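Input: a single structure, listed below in structure tokens.
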Amino acid sequence: MPMTQRNKMRILSCLLWLFGVLCADPFYYGVQHTDDALEFRLYGIMNQRANINGEWIKEGQNFTHNNQVLLLKEIQDSCVILQEKESVRDSKVCLRGMKIIEAQQ
């Protein structure tokens, strides 16, 4: 039985929906305010990566926040240790709620 144009469109829309679901970020970032630009928010920890202010950063990776270069020095249980590259000062940022996903091996 040949596929009609309508069936093709249904299949395409289902595939697009499935793609959107599979690629969605599972963490809710809440409403971002302009005052939040100065603070760090840890949204999740997964596979030796931390989601800080909506950006996934690997342990040992440098990133920029508020014109400062920072290093994600260490990932602990539900916290991360950030190091300011210029002053070599460490800061600890923790999850507000439990959003830790461990990879199954």
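Quick rundown of the values:
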read-out: Burial ranking of peptide ranges 70-76, 58-64, 12-18 (average Cβ count within 10 Å, highest at the top); value: 70-76, 58-64, 12-18
read-out: Rounded to whole Hz, the Karplus (6.51, -1.76, 1.60) HN-Hα couplings of the range 9-17, x for glycine and proline; value: 5, 5, 5, 4, 5, 5, 5, 5, 5
read-out: Segment ARG41-GLU74, extension gain: residue separation times 0.36 nm, minus the distance between their alpha carbons; value: 10.3 nm
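Here, each number is a calculation from the coordinates, and none is a lab measurement. Since this is a predicted model, take the numbers as computed values, not measurements. Reconstructed Cβ throughout: ideal geometry from the backbone, glycine too, with neighbour counts over all protein chains shown.
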